[in-house]
Every structure is written in C-alpha cells, then in structure tokens.
Amino acid sequence: MIGMPAAEYVIEVTYLIATALFILSLKWLSSPTTARRGVFAGEIGMLLAVVGTLLHNGIVEYKWILIALVLGSIIGVPLGEVAMTAVPQRTALSHAFGALCVTLVGTAEFYLRAPDVPPFMMAVLSMEVILGSLTFTGSLMAAGKLQEILPQRPITYKGQNFVNLGLLGVAVVVAGVLVANPGKIQLFPAIVGIPLVFGVMMIVPIGGADMPTVISLLNSYAGLSAAAMGFVLQSKLLIIAGALDGASGFILSVNMSKAMNRSFSNVLFGAFGQEQTSAAAGKKEARPVRSATPEEAAAILAAANKVVIVPGYGMAVAQAQHAVVDLANILQKQGADVKYAIHPVAGRMPGHMNVLLAEANAPYDQLYEMEQVNAYFPEADIALVVGANDVTNPAAKSDKSSPLYGMPILEVERARSIIVLKRSMRPGFAGVDNDLYYNEKCMMLFGDAKESLTKVLGEMKSLI
C-alpha cells in the first residue's frame, strides 16, 4: 500500500476489516452461545463495506444513491418486522432481492461493455446472470410455498427432470456462444430469461419437507452469483463476501442433506413430500390412539424427574416457544432435569428451533443436537413433543417403503412416556403418517400448542 493515495488506503483498510468481520461472523454464528456476537460482527462488517464503497472516487454524485437508500429503507423496515413464523419466507425474499440485484447489475455491465467483452469477463458475467436469475425466481417460489400462497406439495409430471436440466443446458450453451463471440448481443436475453423459467421449474417439484435445505441451497446460489459479480466489478470484497456466502450455504445444504440421509439430487429431483394414498392413510388412521387432557398431562409432567422437550414447526405456528420455556422453568424449579432436543431440519429453515427458543430465552446449555440427545431418551421419564412430526417418525428406521426411510430422527419412542401436542392427526410435510402416535407409551394432547401448554401450566401451578 506504499505510495497509495490516502483515500484509497482508507478504503482498502476498511475492506480488510470488513472481510475479517465477515469471517468471524460466520465462525461465531456456528454456536448458539456466540450467535449474537456473530450477528453484530456481520452488521458492523457490512456497515464498513458500505462506507468504504461510498468513499470510492468513482462515484460521480450521491443523489441516486441517497434516493435508493431512502426507498430501500421505506420498503425494508416494514419487511423486517415479521413474525418469527414468517422468518423463513422473509429469508427467501432476501435471497430473491439480492439475486435480482446481481442479475440487473450483470445485465447493465454486459450492455455497457458489449461487444468488447474479454472471454473470462464474459464467462463470469454469464455465471453471474444465470445464477442470479434462477435464484430470483426460485426464491420467490420458495417464499410462496412457505407462505402457503402456492401448493406445498410437489407438482410433478413425466419427464420433468429432463425438461428442467434441458432448460439449464440451453442457457449454458448460449453462455458458451457469448463467451466465444460476445458480439452476438441478441442472445444475451436468453441467459436471463431461460434461468428465470428454470428457477420456477426447479422449485415446483420440491415439497415443504425439503424447504430448509432449499433455502440454504438458494443462499449458496445467491452467494456464488455475488462472487461472480465481484469479478465483473473488480471488487475483492464482493468476491470474498460472495464466496463466504456461497461456501457456507453449500456446506449447510450438505449437512442438512446428511441429516435427512439424502443426496442433493434426491432433494432437487426426488419430489419428496407427496401425500400417501387415501387408502394407506385411512388404514393408519384406523389404529387406536390414546388422548390426554391438560390435567392428565400436567400430573404426568409434575411427577417427572427427567424431561426432553422436542420442538417442531407446530411450536412455531402456534408461537408457543414462550409457553414451552415457561413450562421448562417450572419443571426445573421442581427439580426436574430438562433438555431440548433439536433436529437439524426441524421447522422450515436452518436453525429455526434455535431461533425460536433463543427468542424465549431458553438457556443455550439446555439445547442438545440430535446426536447428543438421542442417547438420553431411554433415561427420560417424559418426551414432550411440541408439533414435531417427520423428525420423530420411527418409520424412518423401520419402514423401507416410507419416503422418510434412512433419515436420522429424534428417537422419541425410546422415552418411558411420550406426550405429543398436535392440532390433529394430519401428516407432516412429508405427507406420511407418524407411527409414534400409535405407540402404547404415547398420549396425544390435541389442540393449539400455545393454548394447550397454557392450560398445562395452569394445572401445574395448582399442583405446586
């Protein structure tokens, strides 16, 4: 940096600090105990990155930047004020907006540079636009499924995978032609339009059960497209930040696929989440089920010494996380040992249960990952399942015909007694019945989880 102008030196130092903070942010976000620090580090890093960019001498005037900043704030602040249950679809929208930005910047850069675009620049620009376009529509589709605006079940037809891969292949071929001959400007809309269609077709056959993996995968695509944009704009910080985003999203997707014992190809093309046939579903519904009242549940919990609480999407829908933690606190005051069992793909986004429990101030040291807590279930007097369905289904271990077969689960059935809070006997995202509910040790407490827990809490307080 010797001989560098002072302003440029400040920018480079600012970018260096921002890069370090981004790396530390990812490191700290990997643990619940340091997650808040990680979020703060990421926010400071992004602030420094924005400030450093605004100091760049290439900016002619700030008027349009300020207008965009004001408009973005007006739109962004209300979008940020969402219920915890809406965070997954809000995350998908963030991916969509970021991908749209990348696509628009790439399109503008092409038409500014064409036809004199060097081969390497054209290659990364094509990658930027293709990934940005498919991530944009794919993320919108994911948000629509999560918000239940679109059908959550997979929509498939014969030869769908061939059509989808064919569309992507055509876009890649057109990009190759443009790399060889960037003067064919008329072909450029194809590498924007075709991936837009592919993004829709990519998400249509994916069911709700796979949404956590899809969200992290779309995050990876958005990061990779941003890294490609960094090469186009010659921004080292954007390359690094995009690469970190892309790599972390990819690693998370791999880990989540392993948690479901499934491959990427199976997630993307397996149409996981289809309903059982009505005959099969009816056959399982006919089996006897034990139900419990809030009074009975309270009496059983009051006598328990070791309790494992299993949160799921039902807890998120009912916004019952505070009631869950209140119940855990009462149990602990009575001397019970309480643990929370967290499945990697419980809910609709990575870390969904961790976020909800953190909001309710559940102690971090009581949150146990699946590998840790499964060995504890045989010692537990009670396993309290709050809306978790597919991640507790024993069929994943015993029924080879089940779409869940092979997926690691929380081994709730090994507990001495089981109480399940659920609205009804409807199947979960995977569309399959849960054999756990027919276990002789299991009692179903039907109703809204928050309302049921409030009644249980009231009964337990009267017993103390």
- request: Inspect the stretch 329-345 for any residue being within 19 Å of Val373 (Cα to Cα), without any contact (Cβ under 8 Å) to a residue 24 or more places away in the chain, not polar (S, T, N, Q) and not in a helix (DSSP H, G or I) and give the result as yes or no.
  value: no
- prompt: Of all residues in the stretch 225-241, how many are buried (at least 23 other Cβ atoms within 10 Å of the Cβ) and more than 12 Å from Val105 (Cβ to Cβ)?
  reply: 2
Subset of the stretch 395-437 (residues that are among the hydroxyl-bearing types (Ser, Thr, Tyr) and under 25 Å from Gly207 (Cα atoms)): Ser398, Ser401, Ser402, Tyr405, Ser424, Tyr437
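Matching residues to (1) in contact with a strand residue (DSSP E or B) (Cβ under 9 Å, 6 or more places away or on another chain); (2) among the charged types (D, E, K, R); (3) open to solvent by 30 Å² or more (accessible area, probe 1.4 Å); (4) closer than 29 Å to Ser235 by Cα:
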residue: Ala99; (1), (2), (3), (4): no, no, no, yes
residue: Pro118; (1), (2), (3), (4): no, no, yes, yes
residue: Met127; (1), (2), (3), (4): no, no, yes, yes
residue: Asn161; (1), (2), (3), (4): no, no, yes, no
residue: Val179; (1), (2), (3), (4): no, no, yes, yes
residue: Ile191; (1), (2), (3), (4): no, no, no, yes
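Does Glu371 fit the bill of being open to solvent by 30 Å² or more (accessible area, probe 1.4 Å), without any contact (Cβ under 8 Å) to a residue 60 or more places away in the chain and within 27 Å of Leu217 (Cβ to Cβ)? Spell out how you get there, then give the answer.
Values: open to solvent by 30 Å² or more (accessible area, probe 1.4 Å): yes; without any contact (Cβ under 8 Å) to a residue 60 or more places away in the chain: yes; within 27 Å of Leu217 (Cβ to Cβ): yes.
So Glu371 passes the test.
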- line: Note on the stretch 101-116: residues part of a helix (DSSP H, G or I) and open to solvent by 20 Å² or more (accessible area, probe 1.4 Å) are Cys101, Leu104, Val105, Thr107, Ala108, Glu109, Tyr111, Leu112, Arg113
query: Does at least one position in the stretch 147-159 carry a residue that is open to solvent by 60 Å² or more (accessible area, probe 1.4 Å) and either closer than 29 Å to Leu178 by Cα or touching a His at 6+ places or on another chain (Cβ under 7 Å) (or both)?
result: no
Residue satisfying all of: in the stretch 337-356; among the hydrophobic types (A, V, I, L, M, F, W, C) and either open to solvent by 10 Å² or more (accessible area, probe 1.4 Å) or in contact with a helix residue (DSSP H, G or I) (Cβ under 6 Å, 6 or more places away or on another chain) (or both); farthest from Pro294 (Cα to Cα) among these: Met349
- prompt: Quick one: which helices (runs of 4 or more DSSP H) sit completely within the stretch 351-424 and have at least 1 residues that are over 21 Å from Gly314 (Cα atoms)?
  reply: 370-373, 395-398
- prompt: Residues Ala243, Ala222: which one is touching a residue at least 60 places away in the same chain (Cβ under 8 Å), in a helix (DSSP H, G or I) and within 29 Å of Ala114 (Cα to Cα)?
  reply: Ala222
field: the stretch 82-109 residues that are under 30 Å from Phe188 (Cβ atoms), paired with ones that are open to solvent by 40 Å² or more (accessible area, probe 1.4 Å) and at pLDDT 95 or above (beta carbon under 7 Å, 6 or more apart)
entry: Ala96/Phe136; Ala99/Phe136; Leu100/Phe136; Thr103/Phe136
statement: Being touching a Phe, Trp or Tyr at 6+ places or on another chain (Cβ under 9 Å), part of a helix (DSSP H, G or I) and modelled with pLDDT under 95 narrows Val39, Val50 down to just Val39
task: For the stretch 18-56, name all the residues that are under 15 Å from Ser248 (Cβ atoms), touching a residue at least 40 places away in the same chain (Cβ under 8 Å) and surrounded by 18 or more Cβ atoms within 10 Å (Cβ to Cβ).
output: Thr19, Phe22, Ala35
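The values are calculated or read from the model by the stated rules, or taken from the named source; none is laboratory data. The model shown is predicted, which means the values in this text are computed figures rather than measured ones. With ideal geometry, Cβ positions are generated from the backbone for all residues, glycine too; neighbour counts draw on all protein chains shown. The protein model used for the area step is the full one, side chains on, heavy atoms only, and it has no ligands, DNA or RNA in it. Shrake-Rupley method; radii C 1.70, N 1.55, O 1.52, S 1.80 Å.
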